[in-house]
Structures are given as C-alpha cells and as structure tokens.
Amino acid sequence: MKILVCIKQVPDQESRPTVNQAKTWAGYDENASYWINRYDEHAVEEALRIREMIPKTVVDIVSLGPERVKSAIKRCIEMGADRGFHLYYDHDDYLSPSIKSRLIAEFCKNQEYDLILTGVMSEDMMSGQTGPMIAARLGVPSAASVIKLEINPEKQSIQVERELDSGHRCSMELLLPALVAVQSGINRPRYPSLSNVMRAKNTEITEIRGTVSTSAYEYETVERISEVGFNRTGIRLEGTPAEKAAALWQLLHEKFLL
Amino acid sequence: MNHSIMIMCEQSEGRILPVTYELIFCASLIADRYDSGITVVLPGNIAGADSISGADLLVINSPGLAEYTCEGWEKAALLAAEQIMPDIIIIAHTSTGYDYAPRVAALLEGGCITSVAGIEFIPDGIRYRRSGFHGKLDLLYKAGKPPLVITVLPGAFPANVQQAEPGTISYINAAIDPVFTSNLQFMIPDQSNTELEHAEVIIAAGKGIGKAENLQMIREMASCFSRSAIAGSRVACDNGWIEYNAQVGLTGKKVAPLLYVACGISGSMQHIVGMKDSKTVVSINRDPDVAIFRHSDICIVEELEKFIPEFIREAEKHTVKGKKQIPIY
Ligand SMILES: Cc1cc2nc3c(=O)[nH]c(=O)nc-3n(C[C@H](O)[C@H](O)[C@H](O)COP(=O)(O)OP(=O)(O)OC[C@H]3O[C@@H](n4cnc5c(N)ncnc54)[C@H](O)[C@@H]3O)c2cc1C
C-alpha cells in the first residue's frame, strides 16, 4: 500500500504575528519556533500504524513551504516515515488553499497513492480546505474529521468513523484510493525512536520546485488584516500574581460568585 | 453589480436545520444591497420548505440523497450550480459543510473561504471576515473570479424567520448515486454529564495546564466555589486529563454558567461556541495576545502554576473555618 501524508509546518501559537506594512499578511520574527501541525502529526501516526498492520506499505510525507519546512518533514521521518518530499514554495503573503491543493494534487498525479492522509485543519489558519480540495482535484472520495479508520485490503476500501457536531458520529466505507482528514484524539503520536533518528540523518528529502504558475489563477485574496475586536469587556488585572488573585476574588465577590 | 446567490440547505433527517435561516439572512444582506437573486437548494425532499421565504427553492430529487454523503451533496451542489450559475455559494460551516464545501469550490474552479464570521460592504463590493493566525488577527477577504464558496459559522448571523415574499419552487429529478461511499451507522455516544449541565461555575482546563498533576490545582480552584464543576478543552480531553463528557465546544458540551474560568485555553472558535453564552468569563493565560481574551470579561496574563495557588490562598482567607463551599462535581 502506498500512503501519502500531507503536513503543514505551523508557528508556535504563543509567537506574536507581525502584520506587514500593506496590512495584507503577517509574519513571524526569526526567533519564532515552528512545529508540525498537531492534526497532521496524528495523520502521520495513523499512517505508521497502517504500515505496521499491512506489510509492504510505504509512507511518504509531503509538505509545501519555504526551506524551514524541511525540519518538519525530517521529524516525520524520525517518527518512522519512509520518504520525504518538499514542494518548495517561498511566499510571505496569503496562499490560497486552492493553489496549495493544486500543487499537491499535481505532485500526486503519477504517484498512485492508495491513501492520502491530512489533518482536519491547520492550527493557525483553520481553513480545513486543502485536504478535501486535493481529493476533489484527484477525483477521489474524502472524509473530514475522522476519529477512527480501518483498511480493508481485500475490498480495497477504508472504513472510517467521522465525528459530527455535538460529538455524534457516523461510520462509512470509502473505496480506495481515498483521502482522509483526521481529527485529534484518533491516536497518540509516537516519539521518534533512536534508530529512526539515525536513519533520518541519512534520508534525503526530495525537493521539488513548483511548476504550476500560481499567478494564472484568481482565487480569493486577503485584502486587509486587523487586530481582533473584543466581544466582551476584557479588563486586564495588573500587579503581582498575589495582587491579581486578590483583585479577581474581589471582582467575583462583587458579582456574588464568591 | 448584481449577484446570484445559491444557498445549500442544511438538513438533518429530512428536516431543515435552523442554521439554514442564518444563511438566508446572510444572503439577504447582500441581496438588499445589490438586488440579487437567492436560491435555496434542497438536496432531497426536505420537510418544512414552505417556511423559507425571500428566496427561490430548487429541490433536487434523487434516491441517492436520502442521507448525507460527501459525494451526493457535492453532486447535488454542482448540478444546482449548473442551473443557478451562482457567483456566491453559501454553505453552513458544520460537520457536513466543511466535509464537502471545499470540494465544490475546487470542482467549480472557484475560491473558497471557510468559517466566515461576518460580511462587510465597501464601495467596491463585499468583504468576508474570518479570523486567522491562531485567532489572533481578523482577516478581510475579497473574492477572486466567481464562483466563491463560503462556509458560514453557525451563530454568526441571526436566523431569518421574518416573512418575506415566497419565491418560486422548481425541481430537478436526478440520478445521484454515491459510488465511492456507503454510509454504515449513525451513533450518539452517551456523553451525559449532569454535574456540568447544572454547574453555576465551571473551571475549565486547557493544554496550558501542561500535565495531569496540575488537575489537582484546577479541582481545588473549583472547590472555592459552590455549585462548581470542572471541564476541559478538546486537547485536555485528548490528553486524557479530563473525561470527554466534560469537553466544552463544538464537538462537546454547550454550557452557559454564571462563571466560566478558562485556564490555559487558547480560545479557538471551536471552543468558544461551547461557552460563549456564559454570564461572566475569566481567562488565565500566559500569552498576552491569546484569542480567548477577546471573549473574556476578565483577563489575567500569568502562568497558571503561579496564579491559581495564589487565588486558592486568597479564597481561603475569606472562608470562615468549617463553612467551606462544597463543590458538586
Ligand atoms: C472539527 C473540530 C472540532 C473541534 N471541537 C472542539 C471542541 O468541542 N472543544 C475544544 O475545546 N476544541 C475543539 N477543537 C479543537 C480546537 O480547534 C483547539 O485545537 C483546542 O480547543 C485547543 O485546546 P487548548 O486551548 O486547550 O490548547 P492550545 O490551543 O494548545 O492552547 C493552550 C493555551 O495555554 C496557554 N498556556 C500554556 N502554558 C501555560 C501556562 N503555564 N500558564 C498559562 N497559560 C499557558 C497557551 O498560551 C495557549 O493559549 C475542534 C477542532 C476541530 C477541527
């Protein structure tokens, strides 16, 4: 079986994004740390588990982005993935998921993956579009927000359980090839083993420079970015932890909550 | 510019879900300004269609649309789009909406904006608002070449129930038959949690508590209040610190206590929908820019391990010996 896991590298959520001069996008300074999107880490783990069940399975990783995303791909190889592909794309403005999914679908065209796994969304932008769009462009079925999956090799199908709103669930069967966007809670991602860390040192990540001219498409764009507004009063308590604690007690006491 | 707006009706078991009226409200804001046509597409024969006013209806009849499949809904949307030729397609951002909406956009070669929280009008057209960058920034989007598919967050617009002119009804008889997908089972796991439902004060733990041992501190904080319970964000539940039946949010519980204290929770919109109706919200977080602060009445920028023990000490100072409050969890 041939599996592809699409991963995104995301900035640490406690880093502060700085809005550019044109107010059309935001970036992070050199000190910001990046990690693998949490949902995608679950997808990698799920792929590795399938490989443990089904012999001769190959797990590929692909990520789109600037040079730094290589470290995220490497981390997946350290977790146990077989091969890494880097779709090099250095952008510091909004890149529509429509374009991302085009580039990744283009990459998939001649690879004949039986299963493509992604996270249900990215932690930073939360669009949740790239996965389903890749599937649509490849003409394969997809399921989003999957919290359980099982491959049926004889039937060439995958049985998935989707999480619906309010915690309801439904199960369904998709014919392979298919794309599954996994939800957190599906598994606990493993830590890299020493042997895989050693192996990753000698594993080349294949870099692919985009061939699709993105300017040919006119998808949605981000026109303006602003600080978020406040939906509530948002009073900030000041002082030492003890002073803040006293102030909070007082405020809650006045509201008869204490 | 006039627009042609297509809305995908959100349904469950053959009934229209209220969020559909919110989508109609959203569309009517555009229609009022630009004199645009609105068509609501009903995948399958859905009861209560006569409750829809101010829009035309297009019913797509097909045995394959008896229940939701990504494939079926995608085909229905494409079929409808062929007839309506919309430049804006509005879908609810629900577990069905986000499953198929991006696919429809890709197949129509249109742009897509998900979890739209609002729309704005500027002289040269419509802008769509959603948050990004871990919910820290507001982004205003502009459509590219039509069509544009948007998914709208439930609750972002009021439900339109006012009576407007009823529109026309047309039907398409189609042979939509999902070939790649078959539904197996629908499940409602037992997630009841009466403590949480009755609690007046909820102390909620997020990933920021860092480790299971820190739950003790959360419990102690809860015991400072009467009729209190503890709850968690999804990550806190995924990590096994809090039971899933105490998860607050989109895929968990919707709660509205007198006081909600978010401890180390970032405030993603999936969490916010579960607690936004709380009377008072207090958030403790070490990140001064964290999204949860915009949904809070009182914000405390602090490490949990420093602040919570101080708060417990403070509360104990005020408690008369032997009259300590009894939590209900
Ligand atoms: C389809 C779908 C459904 C979902 N449903 C839900 C749902 O029902 N409920 C839900 O909660 N989530 C849900 N999520 C997940 C949601 O998007 C977020 O990932 C999740 O809410 C984040 O949880 P968190 O805030 O605890 O963790 P994080 O986002 O990791 O935030 C941790 C916070 O703790 C702070 N922090 C860290 N250390 C400390 C410290 N020592 N002191 C103080 N602060 C600290 C950090 O600054 C950060 O703000 C859903 C996601 C999807 C895709």
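The values are calculated or read from the model by the stated rules, or taken from the named source; none is laboratory data. Only a predicted model underlies this, so the values are computations on that prediction, with no experimental measurement involved. Virtual Cβ from ideal backbone geometry, glycine too; neighbours counted across all protein chains shown. The area values use the complete protein model at the heavy-atom level, side chains included, leaving out ligands, DNA and RNA. Shrake-Rupley method; radii C 1.70, N 1.55, O 1.52, S 1.80 Å.
Summary of computed values
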{"read-out": "Single unsatisfied condition, residue A:186 versus (1) among the β-branched types (Val, Ile, Thr); (2) closer than 21 Å to residue B:302 by Cβ; (3) within 16 Å of the ligand (Cβ to nearest atom)", "value": "(2)"}
{"read-out": "Those residues of region B:304-317 which are of a type in the set (D, E, K, R) and either within 9 Å of the ligand (Cβ to nearest atom) or touching a Phe, Trp or Tyr at 6+ places or on another chain (Cβ under 7 Å) (or both), in sequence order", "value": "B:305, B:306, B:314"}
{"read-out": "Enumeration of residues in region A:215-234 that are part of a strand (DSSP E or B) and either open to solvent by less than 80 Å² (accessible area, probe 1.4 Å) or within 14 Å of residue B:290 (Cα to Cα) (or both)", "value": "A:221, A:222, A:223, A:225, A:226, A:227"}
{"read-out": "Restricting region B:291-303 to residues that are open to solvent by less than 10 Å² (accessible area, probe 1.4 Å) and not in a strand (DSSP E or B), the residue that is farthest from the ligand (Cβ to nearest atom)", "value": "B:296"}
{"read-out": "Criterion violated by residue A:43 - all others in (1) within 16 Å of the ligand (Cβ to nearest atom); (2) within 14 Å of another protein chain (Cβ to nearest Cβ) satisfied", "value": "(2)"}
{"read-out": "Which numbered condition residue B:285 fails, given (1) more than 11 Å from chain A (Cβ to nearest Cβ); (2) within 9 Å of the ligand (Cβ to nearest atom)", "value": "(1)"}
{"read-out": "Any hit, region A:181-193, residues being within 7 Å of chain B (Cβ to nearest Cβ) and either under 30 Å from residue A:70 (Cβ atoms) or modelled with pLDDT of 95 or more (or both)", "value": "yes"}
{"read-out": "Matching residues in region B:226-245 - criterion: being more than 6 Å from the ligand (Cβ to nearest atom) and buried (at least 24 other Cβ atoms within 10 Å of the Cβ)", "value": "B:228, B:229, B:230, B:231, B:232, B:242"}
{"read-out": "Filtered residues of region B:180-197 (kept if modelled with pLDDT under 95 and assigned to a loop (DSSP other than H, G, I, E, B))", "value": "B:188, B:189, B:190, B:191, B:192, B:193"}
{"read-out": "Sole residue being open to solvent by 20 Å² or more (accessible area, probe 1.4 Å), closer than 21 Å to residue A:134 by Cα and in contact (Cβ under 8 Å) with a residue 24 or more places away in the chain, chosen from A:51, A:38, A:75, A:68", "value": "A:38"}
{"read-out": "Test: residue A:126 is within 16 Å of the ligand (Cβ to nearest atom) and not basic (Lys, Arg)", "value": "yes"}
